[in-house]
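Scroll down for the structure; my scribbles are underneath it.
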Amino acid sequence: MKEFLLVLLLAAAAQPATAKILGARMSWEVNPLFEGDDVTSVRKVTLKLTTAWETVGVCTAVVGSPVSGASCVVAQNFGQLCWYNCRDVAAMSCDPVQCTNNLLVRDQPPGVDAELFSQPYFQGTLTHTVDVPQNRDMLIAFLKWADPSGDKFEQKSGARSAYWDGFDPSSIALFAAENSPIVPTFVPLCTGAPETDGSVATCRLGLLENYFSPTPMFPLIVAGPSDITMQAPSYIKVADLDGHKLIMEKTRSYTAGAWSDDPRENTGSTFYDVDPAGATNGPRVFFKSPTSAQYTEKWFEVADRTYDRLEPTTLESSFKTFSKWTDRQASVQLLSSVLPVTTKCSTSNPPPFFTASATSTAALSATHLTEYSCEWTAGFPGSKDCAVPLFARTNGAAAGSYYQVRVRSAFGFPALDSSCGDTQCQTSSVPCCCRSQDSKQCSYVPRLVQGDPPTFNPAMLGNPWTQDDIGKFFVTCFVATAERYNLPAASTNQAVEGPCPSLPMCVKIHITGRKPRFVAPTPLASNSRDSAGADVPARTE
């Protein structure tokens with residue numbers, strides 16, 4: 001894999017002393033042996049923190065390696081991942097805070113930031129495993145970052161939702177102004193040691209119901225088009241491998257120095273990994289057309305509702321009614337910044353939009369599904385790939401002009417190959433971009449093929465899937481861009497306007513497996529015998 005190197009050595013007078021954070025999300029997994037006995041239990045929780053930054057300062061960021069540099073102070077530039085191990089009894093008690101520097105590893109190169117934004121941006125992920133003491137039954141983790149410039153991104157976190165009501169023990173004062181946690185998450189666990197009164201450890205009572213947090217996915221930085229009139233709906237995609245019912249606990253928007261609730265948002269809406277009523281798109285993200293200097297932040301909190309009983313009369317009745325930390329439900333957050341991209345869009349080069357087909361002239365409707373099931377087929381007859389078609393077009397109609405429309409990866413998602421030229425990609429299994437096949441539209445049909453590089457498409461899965469991926473969910477996000485050129489058309493022409501972006505289009509893919517099948521000979525031979533050696537009719541071994 002080719003390495004991409006980003007080194008920003010900026011004059012101190014021209015740039016702030018530290019990086020600026022623009023987005024973050026947190027998720028976690030509990031070790032599958034957490035509930036084991038005193039000998040076999042593995043009391044570990046793995047936290048995954050992904051953050052996006054305005055600048056990297058003097059830090060070097062190499063794909064697949066942690067940030068580094070002789071003058072790079074990680075805690076100052078990128079903050080720290082901190083956590084408390086706590087016990088929820090009559091009076092909550094928490095151990096002293098523990099922190100580790102946010103030595104984030106640069107993700108795959110973003111696909112559009114160089115052309116769409118005025119400066120480069122940076123996204124990386126820190127994965128850290130926490131050891132939980134035997135007598136602790138919850139973990140609270142968050143990003144702690146002090147901004148010396150006073151911009152205080154962390155104070156824009158939308159405040160607390162009702163999920164956190166009653167939480168903030170004086171021993172930690174998590175939500176105090178001096179802490180201002182970014183994307184705090186709650187991990188409900190169980191104790192592994194007997195209680196002081198001699199009662200059994202709660203891990204022996206089957207109280208651990210969450211092994212996976214909900215995992216919301218959406219670009220942490222969005223290029224906001226100047227006009228959203230024709231835009232297809234955008235959806236935040238959420239997965240939870242525990243199979244729990246999910247709820248959008250709270251959504252808020254930050255614009256012009258204040259947080260506000262949008263009545264169109266999905267606060268309180270419930271959904272599933274795999275909805276029993278059929279495929280759905282999940283929670284919708286609503287935007288406003290930004291002005292030239294308007295910065296917007298989107299804040300999402302997703303909680304789950306664990307099973308209330310094992311044998312419900314209906315699926316709906318099996319889940320707990322409330323989603324609060326006191327009910328031991330998991331909670332995660334995602335913060336995303338919407339940056340205006342107005343100088344690249346105009347009435348002569350309007351934002352492109354996603355459509356339902358290569359010939360459609362209307363934007364996708366809210367009923368168009370963007371979640372897919374792809375069957376892992378090794379060893380079975382049938383197709384070995386799964387196509388997710390994406391179509392985009394522009395309504396640009398300036399005199400003396402022609403247009404080029406492309407489908408690209410959104411910020412923070414694996415970049416498509418920009419060198420594919422004018423390839424339609426409908427029959428190709430290699431990653432590629434999509435350029436317009438005529439003057440107004442393009443069709444991009446990535447195929448998810450199992451196998452070795454270059455026969456698989458990393459733009460969708462990151463790696464060729466295997467049998468171990470059955471049951472998992474993968475999310476990737478795209479944007480369409482439009483560029484205007486002056487006629488006559490020529491390969492040497494340079495764009496006179498653009499690229500003007502669309503809103504993100506995120507898709508979620510569920511990898512499924514086939515049901516068990518009988519093998520030949522079926523029915524099996526009557527080869528079962530009793531103790532006397534006589535055949536037993538209608539029985540086989």
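Beyond a 23 Å Cα-Cα separation, which of these cross-linked pairs lie in this structure: K237/K515; K20/K250; K237/K298? The pairs that break the limit, which is 23 Å between Cα atoms, are K237/K515; K20/K250.
Peptides 470-479, 87-96 ranked from most to least packed by the mean count of surrounding Cβ atoms within 10 Å: 470-479, 87-96.
Backbone phi angles across the range 201-206, fed through the Karplus curve with coefficients 6.51, -1.76 and 1.60 (θ = phi - 60°), yield HN-Hα couplings of 4, 5, 5, 7, 9, x Hz in residue order; Gly and Pro are listed as x.
Peptides 481-487, 370-376 ranked from most to least packed by the mean count of surrounding Cβ atoms within 10 Å: 481-487, 370-376. Annotation: amide H of Q231 has no partner in the under-5 Å range at sequence separation 5 or more or interchain, hydrogens built in the peptide plane. Of the listed residues L207, L104, the order by accessible area with a 1.4 Å probe, largest first, is L207, L104. Measuring with a 1.4 angstrom probe and ignoring ligands and nucleic acids, W53 comes out at about 0 Å² accessible.
The values are calculated or read from the model by the stated rules, or taken from the named source; none is laboratory data. In this text, all values refer to a predicted model and were calculated from it rather than measured experimentally. Note that we place each Cβ from the backbone using ideal geometry, even for glycine, and neighbour counts take in every protein chain shown. Note: areas computed on protein heavy atoms with side chains; ligands, DNA, RNA excluded. Shrake-Rupley method; radii C 1.70, N 1.55, O 1.52, S 1.80 Å.
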